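Worksheet: one structure, shown below.
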Amino acid sequence: MNAISKVLLTGSLLASSMVSVANQFAPMQENDQKILKSNSNEIIMEVLGVDSRDNNWKKYSSYLGQVEQWVRSSSSSNKVYWYNANLRKTQLLVDFNDAIGTNYDVNIDGCTNMATIADKDFMATTSTGAFPGATLLTFSGSNCADAGLASAVFAPGVGLVSYSQQSIIGPVKTELVSAEVAGVNYPLYSGLQVATRIPSGRVLSNVQDSIDVFLDISNWQSEVQTFNFNTSQQFDIEIRDQFGTVVNKWSANKRFLMVETSIEITGGETYRFGGSISLTGFDGQPLDVGSYVVRIVVTGSNQPVGSVFAPVEFAAEAPLYIDRRVTIN
């Protein structure tokens, strides 16, 4: 694909001399790799190269079922563009900043001609792990009866984690099984799946005075996983304001036994860490309206006792916006 043939919806595509940094929903760079599986078929997804005139354009070995596919993304926006070689046309695949229900006219495979944002807080679950806060796209088209894309899921920081294609036997799912993206290897925790239950979006502090925050660890190995703790405390939850200052902590004013403890997670079992944290500051007063981050961390480790390696931290965080309901008499 020549750079001269690429045209954006808003006009000519200008050449760029800047180093490409992809947006959070399309973060892959050269040397990154994903391995996806569909039934028994393994698909390697990697960046084969970048365009010499605009290195925000990347040529993927496979993308949404299409081989050697050109896709454009950049750090300056959350838009992802698709190049249709047959039509010699650039189309907007999705703008992740748009609202649920937004439609995009995009020709993917000769069968699909429209993408729709169906969910922006989707819990994506693959064999690699769980990815909260994902965006779910659904696809439609009238050109084929039993073919074409059905859906695709994009997770922040990882990008495409799964997609489904129509077939005569129903939708066939292709999902992420391992990856190295932006220096991070997936699965993050070998043999363990981590999922979170953290409220996202707006919370009305004069309607509810606390939120529930949980982190689930599932063991898919046959061996028992043992987590060791220096005290009777197993987790902590904190709320940070927009400046990064901790304004409340679950463990504040709590006492824990100063004895070493442990838990065991057997194969096929899930253990839940977490609890409820009030939407107040350390002084007990309600938190001001504004943006915050809530974080949960397991205070122990499954690293063998006496190991010389640094333990892996099991933690997760999510944005939280505190608001108040206004009553008009």
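All of the numbers you see were taken from the coordinates with simple rules; none came from a lab. These numbers were taken from a predicted model, which means no experiment stands behind them. No Cβ is skipped: glycine too gets one built from the backbone with ideal geometry, and neighbour counts run over all protein chains shown.
Were the residues from residue 52 through residue 291 laid out at 0.36 nm apart, the gain over their Cα-Cα distance would be 82.0 nm. Put simply, the amide H of residue 301, placed in the peptide plane, has neighbours under 5 Å in 228, leaving out anything fewer than 5 places away on its chain. Only one residue of 48, 229, 294 has its Cα farthest out toward the positive end of the dipole of the chain, where Lys and Arg carry +1 and Asp and Glu -1 on Cβ, and that residue is 48. With the gyration tensor restricted to C-alpha atoms of the stretch 192-323, the semi-axes of the equivalent ellipsoid amount to 30, 16, 12 Å, longest first. Between amide H atoms placed 1.01 Å from N, distances below 5 Å from residue 151 occur with 139, 164, all of them 5 or more places distant or on a separate chain. Calculated FRET efficiency, residue 232 to residue 184, Cβ-Cβ distance, R0 = 25 Å: about 0.20 to the nearest 0.05. Model label points for residue 138 and residue 270, set 7 angstrom from Cα along the Cα-to-Cβ axis, are 2.4 nm apart. Sequentially through the stretch 86-94, phi angles give Karplus couplings (6.51, -1.76, 1.60; θ = phi - 60°) of 5, 8, 6, 9, 9, 10, 6, 6, 6 Hz, Gly and Pro residues having no value and appearing as x.
Comparing 171, 187, 27 in a Gaussian network model of the chain, where Cα atoms under 10 Å apart are tied by springs, the biggest mean-square fluctuation is seen for 171. Taking every alpha-carbon pair in the stretch 3-186 and binning the separations at 5 Å intervals from zero gives 1, 8, 17, 23, 23, 17, 8, 3, 0, 0 percent.
Comparing 61, 210, 73 in a Gaussian network model of the chain (Cα springs below 10 Å), the most mobile by mean-square fluctuation is 210. Less than 5 angstrom separates the built amide H of residue 106 from those of 114, 115, all sequence-distant by 5 or more or on a different chain. Take the Cα radius of gyration of the chain and divide it by 2.2 N^0.38 Å, N being the number of residues; the result is 1.14.
Sort 100, 296 so that the residue with the fewest other Cβ atoms within 10 Å of its own Cβ comes first and the one with the most comes last.
Working: 100 12, 296 24.
Ordered by Cβ neighbours within 10 Å, fewest first: 100, 296.
Taking every DSSP bridge with both residues inside the chain, close to 95 percent are antiparallel.
Sequentially through the stretch 291-300, phi angles give Karplus couplings (6.51, -1.76, 1.60; θ = phi - 60°) of 9, 9, 10, 10, 9, 10, 9, 7, 7, x Hz, Gly and Pro residues having no value and appearing as x.
I need the peptides 264-274, 174-184 ranked by packing, meaning the mean over residues of other C-beta atoms within 10 angstrom, with the highest value on top.
174-184, 264-274
Between residue 168 and residue 76, residue separation times 0.36 nm minus the direct Cα-Cα distance comes to 29.1 nm.
Converting phi to 3J(HN,Hα) with the Karplus coefficients 6.51, -1.76 and 1.60 and the offset θ = phi - 60°, the stretch 248-265 yields 7, 9, 4, 7, 4, 6, 9, 10, 10, 5, 7, 9, 6, 10, 8, 10, 10, 10 Hz in sequence order, with x at every glycine or proline.
Rounded to the nearest 0.05, what FRET efficiency do residue 118 and residue 39 give with R0 = 22 Å and r taken as the Cβ-Cβ distance? Could you check? Write out the running numbers ahead of the final one.
Numbers: r = 24 Å, r/R0 = 1.10.
For residue 118 and residue 39, the calculated efficiency is 0.35.
Annotation: for a label point projected 7 angstrom from Cα along Cα→Cβ of residue 24, residues of the stretch 77-117 with backbone N closer than 12 Å are 78, 96-97.
In Å³ and rounded to a whole number, note down the convex hull volume per residue for the Cα atoms of the stretch 82-164.
Spelled out: Cα convex hull of the stretch 82-164, divided by residues, is 100 Å³.
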